Amino acid sequence: MDDIRTVYLDHAATTPMTDVAVEAMTAHLREVGNASSLHASGRRARRVVEESRETVAQALGCRPGEVVFTSGGTEADNLAVKGLYWSRRDADPRRTRILATAVEHHAVLDALAWLEEHEGAQVELLPVDRQGRLDVEALRAAVERDPVSVALVTVMWANNEVGSLQPVDQVVAVAQSHAIPVHTDAVQAVGATPVDFATAGVDALSLSGHKVGGPLGVGALVVRREVELAALVHGGGQERDVRSGTLDVPAIAGFAGAVELAVKQQSEHAARLAALRDDLVAAVCRAVPDAVLNGDPVDRLPGNAHLSFPGCEGDSLLMLLDARGIECSTGSACSAGVPQPSHVLLAMGRTSDEARSSLRFSLGHTSTAADVAAVAEAIGPCVERARAARA
Amino acid sequence: MRVVAAMSGGVDSAVAAARAAEAGHEVTGIHLALARNPQSYRTGARGCCTIEDANDARRAADVIGIPFYVWDLSDRFHTDVVEDFMDTYAAGQTPNPCLRCNEKIKFAAVLDKALALGFDAVATGHYATVRASAGGEVELHRAVDAAKDQSYVLGVLDEQQLRHSLFPLGDTPKPQVRAEAAARGLLVADKPDSHDICFVADGDNTGWLREKLGDRAPNQGGEIRDDATGEVLGHHEGTYGFTIGQRKGLRLGHPAPDGRPRYVLDIEPVSGTVTVGPRERLAVDRVEGDRVRWCGRPLAPGTVLDGADVTVQLRAHGAEHRAVVQVGADDLRVDLLEHADGIAPGQAVVVYDGTRVVGSATITSTRRVSA
């Protein structure tokens, strides 16, 4: 088994750390210093954090003071959704509605479900089309039905499963006319597509370190300075008083290095990945003519190839490919260890069987033409086998 | 061979997988997700199929060094095992879901999927032995450890299923399996054996059936009558709470005149009557069954098995009874040379010739020894 070359095509799950990030992180691992301490070691640590904050701000088009470091994308999403809900509802108790797409990541969806169950929120999940794109008119109608009762709107920048980009600019246009804050989960988008906080006009934006070539366990919520946000994690108040916990200096340094590089290289990176991805989709469709590409064919993440293979169980296919060293994802979450049909594909109007027949190949900075060739060679026999297993 | 090791998260299947890998097979660990609604089935579960069990199986696969996946067979399990379990109780009988699971899930749905995916066999931690006869026929035998022997619940496997089955533990006593697990660094070495029905989370069969059967319950209760006098001794809330031979939980108002305990002798699902009587009235000397399954070469109708080594087992971990077995078209008639007690229709009668499992049938009726 050890002689099989690993073909890693699950970059949307996590992507290898870039050298820049590893160096930036390891440079600080042996240094002592709590960024909140007042002595020289503390000041040195604080300096690393603040320089990192400025780097991230520069890369994302926001002000340094708008960057709140978190433990990752999930915490950033929770902080945004819960924090905005609590602060907006405290300011005006009528604001209990939350509008979101039905295809948000579980870090948002489950936070919303919790608010609905415990905090009196009324969550409205807005429909998407067959490509997974938000129906903006449905959003407009939902807002205009009773604008004063909307606490926030949250719409992801790019879908983690099928890769479709959401019309965030249109979402902002609808919400802004009623002064409703907008959060966007941009975990998959940063480094893959141009993301500029100020230009986008959103009020809060989540990103994650390990999706952009940085370390695991670190991320950020970018929040407009004027926006009130209730705290989720209480304690020392290290991050703008909305997020407590001793700052992870090495991880933040690695994160900043990764974000800076990812954004700087975004355009050429995206062009290279999109070409590879198009080759992969074409090769798969040659080998399996009835395979279907899911998600928006044009407005999508450059590294995302989400495909349905009629008559296959995605789980079987994943196992067969894994045995050949090809690593991908069914894209669906596990609930209690049991694979569930993807809520994203179900929201896109697919049947449970169709949803279960899907695989996500996601390319990243280490992907090569050889990886695509490996998939092209393996996919036909694997699909044939998986189909036999289902018959 | 390429082998799927079904890993429940228990010690037996972990050691079985390790042994299969050590024997040179290319082994892939599979945990079967069988609960359709994990939350309601699994919360507080103490049998198998909990999230902890899936994690234990995964960690065992890590230690053994084999790939590991979860296969979702919850729909098949619900249809073939859980529904069958409910239907059998509703009919006033006593099912054996483990046997049904082996027949329909582990060595059917799982095996079929495994074969289609390019595997050659399924390995499990059952205590039983598959070996080839001198003539090259596949045979299922009892395990060496008589106390752990599970050939009874495998008595439904046919020749094709047996040809693709590996039972690496059949030659080993259980304590040795635990010691081996510890020596291999498997953390499940000390994990208690599961005894309950895996999908009945808290072990309360009657409560589970009351909730799940709903309108399908054949009755909402009835009388408990004395077998000899016909006297009504008490009332119950549903016949599905009873099994023939049961003594506990009858909640009879007053003791029998002779002061001896009473046992369930008969269950009538339509009228809801449960008949009770003294222990000697449980004795049966004939058992009939249908749904015959042959573990190996089928025997022709009309065949009579009357050899000195022919025995039958009538419940899991039950005693062996010498018997004469007459083979019908799709049924068996078993005359017991030694009486058996508390035999419940719905259970299997498994026929042995010495240590070899010949086949099995589902018990449809019994004949009580006339007093």
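Bear in mind these aren't lab numbers, they're just calculated from the coordinates by the rules spelled out. Bear in mind the structure is a predicted one, so any value in this text is a computation, not a measurement. Backbone-built Cβ (ideal geometry, glycine too); neighbour counts: all protein chains shown.
State to the nearest 20 debye the size of the charge dipole of region A:19-264 about its Cα centre, where the only charges are +1 on K and R beta carbons and -1 on D and E beta carbons. Intermediate results must be reported in sequence, preceding the final value.
Working: 23 positive and 33 negative charges, 112 e Å.
Roughly 540 debye, rounded to the nearest 20.
Whole-Hz Karplus ³J(HN,Hα) for region B:104-111, in order, using 6.51 cos²θ - 1.76 cosθ + 1.60 and θ = phi - 60°, x for Gly and Pro?
So the Karplus estimates, Gly and Pro as x, are 9, 10, 4, 10, 10, 4, 5, 4 Hz.
Mind checking which of B:108, B:323, B:20 has the largest fluctuation in a GNM of chain B, springs on alpha carbons under 10 Å?
For chain B, modelled as a Gaussian network with Cα springs under 10 Å, the answer is B:108.
Run the numbers for residue B:329 and residue B:133: contour at 0.36 nm per residue of separation, minus the present Cα-Cα distance, in nm. Before the final figure, lay out the partial values.
Details: separation 196, 0.36 × 196 = 70.56 nm, distance 2.58 nm.
Here the answer is 68.0 nm.
So for region A:22-120, taking the charge dipole from beta-carbon charges (+1 Lys/Arg, -1 Asp/Glu), which of A:52, A:106, A:80 sits furthest toward the positive end?
A:52
For the modelled label position 7 Å from the Cα of residue A:118 along Cα-to-Cβ, which residues of region A:212-244 have backbone nitrogen atoms closer than 15 Å?
Those under the cut-off are A:231-234.
Counting C-alpha atoms alone, how compact is region A:151-295: give Rg to one decimal and Dmax as a whole number, in angstrom.
17.9, 58
Kirkwood hydrodynamic radius for region B:218-281: how many Å is it when counted over pairs of different Cα atoms? If you can, show how the numbers build up before the last one.
Numbers: mean 1/r = 0.0873 Å⁻¹.
After inverting the mean inverse Cα-Cα distance, the result is 11.5 Å.
Go through region A:183-197 residue by residue and turn each phi into a ³J(HN,Hα) via Karplus (6.51, -1.76, 1.60, θ = phi - 60°); whole Hz please, and just put x for glycine and proline.
Result, rounded to whole Hz: 10, 10, 8, 9, 4, 7, 8, 4, x, 9, 8, x, 10, 10, 4.
What pairs in B:106/B:174; B:104/B:212; B:148/B:212; A:211/B:106; B:104/B:148; B:212/B:248 have C-alpha atoms more than 29 Å from each other? Each step should come with its number before you reach the end.
Numbers: B:106/B:174 22 Å; B:104/B:212 21 Å; B:148/B:212 31 Å; A:211/B:106 39 Å; B:104/B:148 22 Å; B:212/B:248 23 Å.
Checking Cα-Cα distances, B:148/B:212; A:211/B:106 exceed 29 Å.
Taking the number of other C-beta atoms within 10 Å as the exposure measure, put A:367, A:358, A:352 in order starting with the fewest. Write down the numbers at each step before the final one.
Working: A:367 22, A:358 28, A:352 12.
Arranged by neighbour count, lowest to highest, A:367, A:358, A:352 become A:352, A:367, A:358.
Considering amide H positions built from the backbone, and no H for Pro or chain starts, which residues 5 or more places from residue B:94, or on another chain, come under 5 Å of its amide H?
Answer set, sorted by chain and number: B:346, B:347.
Over the Cα atoms of region A:1-88, what Rg and Dmax result, in angstrom?
That works out to 17.8, 57 Å for Rg and Dmax.
In which sequence would A:319, A:348 go, from the one with the fewest C-beta neighbours within 10 Å to the one with the most? Please report the intermediate quantities before stating the final value.
Values: A:319 20, A:348 25.
Placing the least packed residue first, the sequence is A:319, A:348.
For a quick check, take a GNM of chain A with Cα springs below 10 Å and name the residue from A:241, A:146, A:299 with the largest mean-square fluctuation.
A:146
Taking the simple approach of a point 7 Å from Cα along Cα-to-Cβ for both residue A:173 and residue A:240, what is their distance in nm?
Here the answer is 2.7 nm between the modelled labels.
Kindly give the semi-axes, whole Å and largest first, of the ellipsoid equivalent to region A:50-133, taking each as the square root of 5 times a Cα gyration tensor eigenvalue. Display every interim value, and only then the final one.
On the way: eigenvalues 140, 66, 27 Å².
In descending order, the three semi-axes are 26, 18, 12 Å.
Show the residues, 5+ positions off or on another chain, whose built amide H is closer than 5 Å to the amide H of residue A:294.
For residue A:294, the qualifying residues are A:306, A:307, A:308.
According to a simple spin-label model (label point 7 Å from Cα along Cα-to-Cβ), what is the distance in nm between residue B:79 and residue A:91?
If labels sit at residue A:91 and residue B:79, their model points lie 5.5 nm apart.
So for the pair residue B:228, residue B:367, with labels modelled 7 Å out along Cα→Cβ, what separation do we get in nm?
Simple spin-label model gives 2.5 nm for this pair.
In terms of the Cα gyration tensor, with a ≥ b ≥ c the square roots of its eigenvalues, is region A:156-195 rounded because a/c is under 1.5, prolate because a/b exceeds b/c, or oblate? Each step should come with its number before you reach the end.
Working: a/c = 2.52, a/b = 2.28, b/c = 1.11.
Here region A:156-195 falls in the prolate category.
Assuming 1.567 mPa s and 4 °C, estimate D for region A:119-177 with Stokes-Einstein, Rh taken as the Kirkwood radius over Cα pairs, in µm²/s. Intermediate values should be presented prior to the final figure.
Numbers: Rh = 12.2 Å.
Rounded to a whole number, D works out at 106 µm²/s.
Give the separation of the Cα centroids, region B:180-256 to region A:189-267, in Å.
Using only Cα atoms to place each centre, the spacing works out to 57 Å.
Spelling out what I want: for every residue of region B:226-232, take phi, set θ = phi - 60°, compute 6.51 cos²θ - 1.76 cosθ + 1.60 (Karplus), and round to whole Hz; glycine and proline get x.
7, 5, 7, 9, x, 5, 7
Which three extents, in whole angstrom, do the alpha-carbon atoms of chain B cover along their principal axes, largest first?
Here the Cα extents, ordered largest to smallest, are 65, 49, 35 Å.
So for region B:246-371, Kirkwood radius off the Cα pairs, Stokes-Einstein at 25 °C and 0.890 mPa s: how many µm² s⁻¹? It would help to have the intermediate numbers written out before the result.
Working: Rh = 15.6 Å.
Reported coefficient: 158 µm²/s.
Tell me, A:306, B:78, A:28 in order of fewest to most beta-carbon neighbours within 10 Å? Display every interim value, and only then the final one.
Numbers: A:306 30, B:78 17, A:28 20.
Ordered from fewest to most neighbouring Cβ atoms within 10 Å, A:306, B:78, A:28 come out as B:78, A:28, A:306.
If I model the protein assembly as shown as equal point scatterers sitting on the Cα atoms and use the Debye formula, what is log10 I(q)/I(0) at q = 0.07, 0.11 Å⁻¹?
Debye intensities relative to I(0), on a log10 scale: -0.65, -1.17.
Going toward the positive end of the dipole of region B:218-281, with +1 on Lys and Arg Cβ and -1 on Asp and Glu Cβ, which of B:269, B:259, B:230 do you reach last?
Final value for the positive-end residue is B:259.
Please find, in a Gaussian network model of chain B (springs between Cα atoms separated by less than 10 Å), the residue of B:170, B:346, B:328 whose mean-square fluctuation is greatest.
Evaluated over chain B, the most mobile residue of the options is B:328.
Rounded, prolate or oblate, given the Cα gyration tensor of region A:70-112, with a/c below 1.5 counting as rounded? If you can, show how the numbers build up before the last one.
Numbers: a/c = 3.78, a/b = 1.45, b/c = 2.60.
In terms of gyration-tensor shape, oblate.
Does chain A classify as rounded, prolate or oblate by the C-alpha gyration tensor (a ≥ b ≥ c root eigenvalues; a/c under 1.5 gives rounded; else a/b over b/c gives prolate, otherwise oblate)? Let's see the in-between values first.
Details: a/c = 2.03, a/b = 1.26, b/c = 1.61.
It is oblate, given that a/c is not under 1.5 and a/b is not larger than b/c.
For residue B:33, list long-range residues whose amide hydrogen, built 1.01 Å from N in the peptide plane, is under 5 Å from its own amide hydrogen.
Excluding prolines and chain starts, which carry no amide H, the hits are B:71, B:72, B:73.
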